[in-house]
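Some notes on the structure that comes next.
A short reminder: the numbers here are calculations on the coordinates, not readings from a lab. Computed from a prediction, not measured in an experiment: that's the story for all the values here. Cβ placement follows ideal geometry from the backbone for every residue including glycine, while neighbour counts extend to all protein chains displayed.
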Amino acid sequence: MTASTAAVGIHGVTKRFGEDVVAVDDIDLEIQDGEFFSLLGPSGCGKTTTLRMIAGLEYPTAGSIRIFGEEMGLRPPNKRPINTVFQSYALFPHMNVEDNIGFGLRMQKVEKAEVSSRVGEAIDLVRLTGLNSRRPGELSGGQQQRVALARALVNRPKVLLLDEPLGALDLKLRQTMQLELKDIQSNVGITFVYVTHDQEEALTMSDRIGVMNHGQLVQVGRSEDIYEFPSNMFVAGFVGEMSFLPGEVVETGSVRLAGGEVVRARTDSSPGTSITLILRPEKLHLYGEVSEVPPGRNVLNGSVSRRTFYGNSLSYEVELGASGSFDVQVENVPSQTRWDVGDKVVIDFHHEAASALAE
Amino acid sequence: MTSRHAASGRTRTDRWLSLNGWFVFAFLYLPILVVIVFSFSGAANVGTWGGFSLRWYRRLAGNEQLLASLENSLWVALYSTIVATVFGTAAALALDRYRRWASRGTFDAILYLPVIIPDVTMAVMLLLWFTQIGLPLGRASIILAHIAFNISFVAIVVRARLAHMDSSMEEAAADLYATRWQTFRRVTLPLIMPGVLGGALLALTLSLDDVVITSFVQGPGSTTLPVHVFGLIRRSVTPEINAVSTLMVTASMILVFSSLAIQRRGEN
């Protein structure tokens, strides 16, 4: 019975607001114990609503939510073995760091001595030692974020929910916190359910990712699988950079592009099916002559139509004529030739790097 | 060229505006200043200066009728403030909580009505109502009347405070195992406390200052200070009035300024 062992079991859950707004549309999902699971999707896709339903801050219109097999039903948030790190942190401004972190334990009537020792441990865990008596208003954004995390973790919840907790931090701090969160999660071993619209954040931290769009779960899988093998056009476009070329399947493993070129690619549709060939810009290589391409690769001819400099890499938009155009990302290293707009180039890619998605 | 024109034009406007500001202040506060100055005059006539003296204040201290009305005023203000603060805060919370409630706009309007309608109208309505239900006029009827108009003011002040409160605070408390009562007691109430205190002080001030409504619903022996003073003026204007007015203005100003200070401190 997987239903009883999953940390979070979401079965047929739908959430409607009013008559016509369907925020979450019939979702089925099981999150395993100890997993770092991310719900990824654009704003308004229903990821936060899903999280709020797990927390008990919203109730499903239909379906069931179980925590370690236990049906949550209409149980209020204070009766669920779950804690949340809110997007705005929601720290209590009238309490200092210590009192904020100890709030949950005090509400659960934990003994005073234990409260102070556990609060102390939590403060050390998130590296806020020495800031015990500060008010939230006297802390930086990053420190407030740590207080919010400690305030939730100190209760040793069975599941920790995080609603875009790094959204308000600047890029550098966000990257540091990503690694730190991942470390803390593997140390405490608690199941994390993390909501984000940032695909890079999801890829960096998660064991598995559930991609959501229009209230539906469109793909669930390990981070690498989500990136390497998107199962539909939405995931292909939302996660990472991607180029799209229309075509049709000739036979298994072979695709004809709109301009007539035939290339080898991963296919799972029958011959004659219209497909879109998807290619990651970093998996393509550019050469001046066909003779330079390693043997056994796909080869296409095109010309550079745009060049963008990113510092650590360069991006070329390459025109294929009737077949369309796509982007090639090249690392900024001395061994790489720099191409200019108008240059004739040969594009090479491994057949495993290209997938044919049926529309 | 154009920039100099623009600059000088702005300065002229600024000068006019600041002049107007001073004029408004003078218009509002000069009469009060005159009353305060003459309350310390030793002369027996209002408006003649007879050298500095505290005689009118001394005479106040011995005026039994006036002291009785002051006592009435204080009891009325105390009771009506406490009750209005509790109910006004509850009303504000209810209106804030049910944001999706369709008829909230109507309830808002009904709640704020006592602030808008003329005192006389309110006074007549309350008098009729008290007579209808057979409530004898006296201190109780005055207290009820003051509660009736004060609830709205408290609710408005508390609503303003609630509008600034992040609703995820209460969700966080619930998420951290607090019951609804604990959430209110430990999180919501401390956060809206500046609004509640500000509203209470406003209610206290309004209760202490009310003449119109009180004079309609009072009974024998239950006169409040402002109503008593109003009666004195109609009979004869003595410099004693100046002293009473000075004390009332001072007390009101202290209350209003504390109310503002408390509300402002809470916002930081």
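Residues in segment B:248-263 that are in contact (Cβ under 8 Å) with a residue 24 or more places away in the chain and within 23 Å of residue B:62 (Cα to Cα): B:248, B:249, B:251, B:252. Regarding segment A:333-352, can at least one residue be identified that is under 17 Å from residue A:281 (Cβ atoms), without any contact (Cβ under 8 Å) to a residue 24 or more places away in the chain and in a loop (DSSP other than H, G, I, E, B)? Yes. Screening segment B:54-104 for residues that are charged (D, E, K, R) and in a helix (DSSP H, G or I) and picking the one that is farthest from residue B:153 (Cα to Cα) gives B:55.
One residue stands out in segment A:62-101 among those that are more than 23 Å from the chain's Cα centre (by Cα) and of a type in the set (Val, Ile, Thr): the one that is farthest from the other protein chains (Cβ to nearest Cβ), namely A:97. On inspection, residue A:110 passes the criterion of being surrounded by 14 or more Cβ atoms within 10 Å (Cβ to Cβ), farther than 29 Å from residue A:238 by Cα and without any contact (Cβ under 8 Å) to a residue 12 or more places away in the chain.
Exactly one residue among B:151, B:147, B:143, B:110 is loosely packed, with under 15 Cβ neighbours inside 10 Å and not basic (Lys, Arg), and that residue is B:110. Restricting attention to segment B:184-205 and to residues that are in contact with a Ser or Thr (Cβ under 9 Å, 6 or more places away or on another chain) and farther than 12 Å from residue B:158 by Cβ, the residue that is surrounded by the fewest Cβ atoms within 10 Å (Cβ to Cβ) turns out to be B:205. Just to be sure, is residue A:146 part of a helix (DSSP H, G or I) and in contact with a Gly (Cβ under 8 Å, 6 or more places away or on another chain)? In short, no. Against the conditions (1) more than 14 Å from every other protein chain (Cβ to nearest Cβ); (2) part of a helix (DSSP H, G or I), residue B:171 satisfies every one except (1).
Scanning segment A:245-265 for residues that are farther than 16 Å from residue A:358 by Cβ, charged (D, E, K, R) and surrounded by fewer than 18 Cβ atoms within 10 Å (Cβ to Cβ) yields a single hit, A:264. Taken over segment A:67-118, the criterion of being basic (Lys, Arg) and within 14 Å of residue A:153 (Cβ to Cβ) is satisfied by A:118 alone.
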